[in-house]
1. Taking only protein heavy atoms into account and a 1.4 Å probe, give the accessible area per residue of the chain in Å².
2. Relative contact order (percent) for the chain, with alpha-carbon contacts under 8 angstrom and 6 or more residues of separation?
3. Calculate, in whole percent, how much of the Cα-Cα pair population of the chain lies beyond 15 Å.
4. Can you give me the long-range amide H partners of LEU9? Hydrogens built in the peptide plane at 1.01 Å from N, cutoff under 5 Å, separation of 5 or more residues or another chain.
5. Percent of accessible area on the chain owned by carbon and sulfur, 1.4 Å probe?
6. Rounded to the nearest 500, what is the chain's calculated 222 nm mean residue ellipticity when only DSSP H runs of at least 4 contribute -39500 (n - 2.57) each, over all residues?
7. Enumerate the calculated ³J(HN,Hα) couplings along region 10-21 in order (Karplus 6.51 cos²θ - 1.76 cosθ + 1.60, θ = phi - 60°), each rounded to whole Hz, writing x wherever the residue is Gly or Pro.
8. Give me the number: length gained by fully extending THR10 to ARG65, i.e. 0.36 nm times residue separation minus the C-alpha to C-alpha distance, one decimal in nm.
Amino acid sequence: MSRPVKHSLTLSGHRTSVSLEPEFWAAFRALARGRGRALNDLAAEIDADRGDRGLASAIRVAVLRAAQGLD
């Protein structure tokens, strides 16, 4: 697996950066596309539901859960 790459996202009008491995960025983009959602919108939804978990970790878990058919 590759090293994390930082990208900017806009969540509820606020810019933030998230570092994910390129493989997770690709899977996250595919998940958003498959759900007919903009990447920022899906990230905002994950952000709202992440609890105490960091945003990058929450995105990885969301991607994993989707790959496992849990979401």
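The values are calculated or read from the model by the stated rules, or taken from the named source; none is laboratory data. Since this is a predicted model, take the numbers as computed values, not measurements. FYI the Cβ positions are ideal-geometry reconstructions off the backbone, even for glycines, and counts take in every protein chain you see. Each accessible area value is taken on the protein alone, full model and side chains, heavy atoms only, with ligands, DNA and RNA left out. Shrake-Rupley method; radii C 1.70, N 1.55, O 1.52, S 1.80 Å.
1. Details: 4470 Å² over 71 residues.
I get 63 Å² per residue for this part.
2. Values: 70 pairs, mean separation 18.9, N = 71.
The normalised contact order for the chain reaches 27 percent.
3. On the way: 1246 of 2485 pairs.
Everything past 15 Å amounts to 50 percent.
4. THR16, SER17, VAL18
5. Values: 2110 of 4470 Å².
The value for the chain is 47 percent carbon and sulfur by accessible area.
6. Details: 3 runs with 36 residues, N = 71.
Rounded to the nearest 500, it is -15500 deg cm²/dmol.
7. 10, 10, 6, x, 10, 7, 8, 10, 10, 9, 9, 5
8. Working: separation 55, 0.36 × 55 = 19.80 nm, distance 2.29 nm.
Length difference between fully extended and current span is 17.5 nm.
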